[in-house]
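Q: Have a look at the structure that comes next, please.
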Amino acid sequence: MTDPAKFFDAYPRFLESSETGPWLDRLNARYFALIHQNRHLLEGARVLDLACHDGRFSFAALQNGARHVVGIDFKAHLVDAATGHLGAYGVTPDRYTFLAGDMFDYLEQERDFDVVLCFGILYHINEHMRLFDQIAASSPRAILVDTRVSTLDGAVIELLSPLGKSPPEPGNAVEGHPTRAAFDAMFSSFGWQVQYFDWLASGLCGDARMYDYRTGERVSAVIECPEYAVPAEARHAAVQEVLDKEAERENLFMLVANVARRHDISPQALRTWVNQAQRRRTREAGFKG
Ligand SMILES: C[S@@+](CC[C@H](N)C(=O)[O-])C[C@H]1O[C@@H](n2cnc3c(N)ncnc32)[C@H](O)[C@@H]1O
């Protein structure tokens with residue numbers, strides 16, 4: 001059995017391929033907090049690893065009982081490395097699928113996962129609510145998050161250039177860094193419950209390379225998504241009620257809030273299912289001018 005405090009010592013291939021935070025102690029500490037602590041959630045799960053990089057956490061999830069992992073990353077050479085590493089470490093190919101591509105495109109299709117890993121990606125995008133909406137549509141029971149956060153006050157998304165400058169130089173690309181309060185607002189809108197990992201109490205962030213966790217500039221959390229347990233018939237009934245009444249020109253925001261309250265589900269989750277139903281309808285019927 002691998003020592004959970006030194007997981008990556010036994011799997012050095014990931015250190016060679018990593019293009020981000022490639023230090024053994026940091027990877028081991030992250031493994032402990034993000035995977036080992038959550039192994040009860042991973043047991044038997046179908047896992048989606050967003051921005052999987054070289055497959056390090058996909059592999060770690062499989063070693064902790066996940067049934068199957070889909071890993072997706074923009075970079076084809078990293079996805080190839082992921083496939084090579086898992087093969088070299090004896091994981092049978094029926095337990096993983098690595099895809100090179102955009103996670104938003106992948107999630108556009110209807111998907112079904114038990115656990116979604118969102119590690120090191122939520123500060124590289126600008127469409128957080130779109131991503132959470134897509135994740136919610138795949139009905140996970142939990143989302144594991146590890147992300148930088150803005151240290152500004154309030155529930156805001158700070159725009160930074162990819163080089164970390166805020167405000168970005170005019171004409172530069174921008175990435176959105178939500179504050180912790182902004183993440184809390186987004187998660188709770190879906191009815192999700194967040195539990196942050198206590199990095200300071202863990203004793204795992206003493207090393208100089210763990211400064212971002214120590215200072216609270218980076219956080220890790222388990223998000224439980226109780227909506228996954230809402231039975232399909234109850235979802236369908238709530239969605240149908242919104243779609244029927246929408247045709248009567250009721251205000252959609254109020255309508256969703258009222259129907260959600262009556263069915264005891266979160267408004268954002270209902271909004272996600274309504275969006276999903278509307279997308280399905282458009283796919284079948286095409287856009288109408
Ligand atoms: C900082 S790394 C995170 C790697 C790993 N998940 C971790 O936490 O150690 C960010 C990764 O996100 C990938 N990426 C960024 N935007 C993406 C997108 N829209 N779809 C898929 N991958 C994306 C990059 O190619 C890169 O490998």
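Q: How do THR272, THR2, THR282, THR179 rank when sorted from fewest to most other Cβ atoms within 10 Å of their own Cβ?
A: With the sparsest Cβ surroundings first, the list reads THR282, THR2, THR179, THR272.
Q: Right, here's the next one. Through the Karplus equation 6.51 cos²θ - 1.76 cosθ + 1.60, θ set to phi - 60°, convert the phi angles of segment 188-203 into ³J(HN,Hα) values in whole Hz; use x for Gly and Pro.
A: 5, 4, 8, x, 7, 10, 9, 10, 7, 6, 8, 4, 4, 5, 6, x
Q: Taking the chain on its own, what percent of its Cα-Cα pair distances exceed 29 Å?
A: I get 38 percent for the Cα pairs in the chain exceeding 29 Å.
Q: Okay, next question. Taking the Cα centre of each part, how many Å lie between segment 114-154 and segment 42-85?
A: Here the answer is 17 Å between Cα centres.
Q: From the backbone phi of segment 3-12, what are the Karplus-calculated ³J(HN,Hα) couplings (6.51 cos²θ - 1.76 cosθ + 1.60, θ = phi - 60°) in whole Hz, Gly and Pro given as x?
A: Here the 3J(HN,Hα) series is 5, x, 7, 9, 3, 6, 4, 7, 10, x Hz.
Q: Treat the count of other C-beta atoms within 10 Å as a stand-in for reagent exposure and order TYR11, TYR213 from fewest to most.
A: TYR11, TYR213
Q: If you don't mind, there's one more thing I want to ask. Kindly state, to the nearest 0.05, the FRET efficiency for ASP94 paired with GLU233, given R0 = 41 Å and r defined as their beta-carbon distance.
A: Computed FRET efficiency for ASP94 and GLU233: 0.80.
Q: Moving to a separate point now. Which order do peptides 63-74, 45-56 fall in by mean Cβ count within 10 Å, highest first?
A: 45-56, 63-74
Q: Let me ask another. Which residues make up the longest stretch of the chain clear of GluC sites (Glu not before Pro) that lie in a DSSP loop with no more than 15 other Cβ atoms within 10 Å, not counting the sites?
A: My reading of the result: 128-216 is the longest stretch.
Q: Kindly write out, for segment 40-49 in residue order, the coupling ³J(HN,Hα) from the Karplus curve 6.51 cos²θ - 1.76 cosθ + 1.60 (θ = phi - 60°), rounded to whole Hz, with x marking Gly and Pro.
A: Per residue, the Karplus-derived 3J(HN,Hα) values read 5, 7, 7, 3, x, 7, 8, 10, 10, 10 Hz.
Q: How far is helix 76-88 tilted, in degrees, relative to the longest principal axis of the Cα atoms in the chain, given as a value from 0 to 90 rounded to the nearest 10?
A: Once rounded, the angle reads 60 degrees.
Q: Kindly express, to the nearest 10 degrees and within the range 0 to 90, the angle between helix 252-263's C-alpha long axis and the longest C-alpha principal axis of the chain.
A: So the inclination is approximately 80 degrees.
Q: How high is the relative contact order of the chain, in percent, counting Cα pairs under 8 Å that sit 6 or more residues apart?
A: That works out to 13 percent.
Q: Using only the Cα atoms of segment 232-285, build the gyration tensor, take square roots of its eigenvalues as a ≥ b ≥ c, and label the shape rounded, prolate or oblate: rounded if a/c is under 1.5, else prolate if a/b is larger than b/c, else oblate.
A: oblate
Just so you know, all these numbers are worked out from the coordinates, no wet-lab data involved. Bear in mind that the values here come from a model prediction, so they are computed numbers and not experimental data. Note: ideal-geometry Cβ built from the backbone for every residue, glycine included; neighbour counts use all protein chains shown.
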